[in-house]
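Read the structure below first, then the notes.
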Amino acid sequence: MGLYRTIRADLAAGRIPSAFPNAAEPDEYGLVFVGGVLTAPSLIEAYTRGFFPWTGEHPIPWFSPDPRLVLFPENFMSTRRFRRTLRRGRFAIRFDTDFGGVIRACAEIPRTGQRGTWITDNMIAAYAQLHQLGIAHSVETYDDSGRLCGGLYGLTFGRAFFGESMFSRSADASKLALWGMCRFLAKEGFHFIDCQQVTAHLMRLGAVPIRRSEYLECLARALAFDSLHRKWSDFPSVHGFRP
């Protein structure tokens with residue numbers, strides 16, 4: 001049956017206790033709950049109820065922002081410069097070949113305007129477990145020397161992908177990973193990528209903010225479908241994927 005289906009069925013039947021208050025609702029800042037632990041069951045419950053952990057530092061804050069930023073895979077917007085990067089063919093895009101390398105890079109590479117990282121060791125361990133279960137996935141961008149120079153990671157339930165973080169060591173490397181992910185998800189019939197927070201960068205790439213109520217409706221429709229909970233490393237070749 002798989003851990004994901006088992007946990008959702010057990011939660012619905014009351015065979016296991018919820019990790020969160022049943023009536024949990026976000027406040028004006030999107031904060032739903034503070035506390036709990038990062039485990040496969042708590043993360044599965046959170047994402048399928050429409051919220052996510054802001055950081056792994058205790059006490060853990062769980063958020064469900066309003067508005068919510070989503071990217072419909074077919075709506076990825078490429079610039080002229082990005083299309084030139086694609087034509088040069090200097091990069092290879094792969095799936096699920098170095099999940100650990102991607103999440104560690106997302107945690108370690110400095111970001112403008114941020115001090116430290118929200119991706120703590122317990123978060124890395126929890127998402128690595130979900131990766132082993134085929135729930136969490138990574139997309140990697142490699143340059144022509146074989147160096148990992150960009151990527152992203154996230155989770156999938158039903159026909160929704162929940163993006164967590166991106167990193168880049170070369171110009172356009174993270175955009176290439178997102179472009180590759182969008183191509184793959186569109187071919188697989190995914191409904192949307194959850195980008196969580198509204199950012200100008202992701203909006204320039206085609207993401208749009210929607211009301212939380214609309215997001216929850218989209219989520220419910222996506223969760224009605226079966227999940228691709230397996231390693232994705234072979235899918236690009238199945239689809240004739242070309243970076």
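The values are calculated or read from the model by the stated rules, or taken from the named source; none is laboratory data. For clarity, every value in this text was computed on a predicted model and none was experimentally measured. Positions of Cβ are generated from backbone atoms using ideal geometry, with glycine treated the same way; all protein chains shown enter the neighbour counts.
Does HIS201 satisfy the condition of being part of a helix (DSSP H, G or I) and within 28 Å of ASP226 (Cα to Cα)? Quick ask: steps written out before the conclusion?
Details: part of a helix (DSSP H, G or I): yes; within 28 Å of ASP226 (Cα to Cα): no.
In short, no.
If you scan the stretch 41-75, which residues turn out to be closer than 14 Å to THR156 by Cα, hydrophobic (A, V, I, L, M, F, W, C) and not in a strand (DSSP E or B)?
Residues satisfying the conditions are LEU43, ILE44, ALA46, PHE51.
If you take the residues of the stretch 204-243 that are part of a helix (DSSP H, G or I), hydroxyl-bearing (Ser, Thr, Tyr) and surrounded by fewer than 16 Cβ atoms within 10 Å (Cβ to Cβ), which of them is modelled with the lowest pLDDT?
If we filter the stretch 204-243 for residues that are part of a helix (DSSP H, G or I), which is where we start, we get 204, 212-223, 235-238.
Retained after the next criterion (residues that are hydroxyl-bearing (Ser, Thr, Tyr)): 213, 215, 237.
Applying the additional criterion that residues be surrounded by fewer than 16 Cβ atoms within 10 Å (Cβ to Cβ) yields 213, 237.
Numbers: SER213: 97, SER237: 58.
Checked the stretch 204-243; the qualifying residue modelled with the lowest pLDDT is SER237.
Looking for something at negative phi and touching a Lys or Arg at 6+ places or on another chain (Cβ under 6 Å) - is there at least one such residue anywhere in the stretch 52-66? Even if it seems obvious, please write down each step before you answer.
Filtering the stretch 52-66 for residues at negative phi gives 52-66.
When the remaining residues are screened for being touching a Lys or Arg at 6+ places or on another chain (Cβ under 6 Å), the result is 66.
Yes: the stretch 52-66 contains one or more residues that are at negative phi and touching a Lys or Arg at 6+ places or on another chain (Cβ under 6 Å).
So, in the stretch 71-109, of the ones that are farther than 19 Å from LEU228 by Cβ and aliphatic (A, V, I, L, M), which residue ends up surrounded by the fewest Cβ atoms within 10 Å (Cβ to Cβ)?
Among those residues, the one meeting the criterion is MET77.
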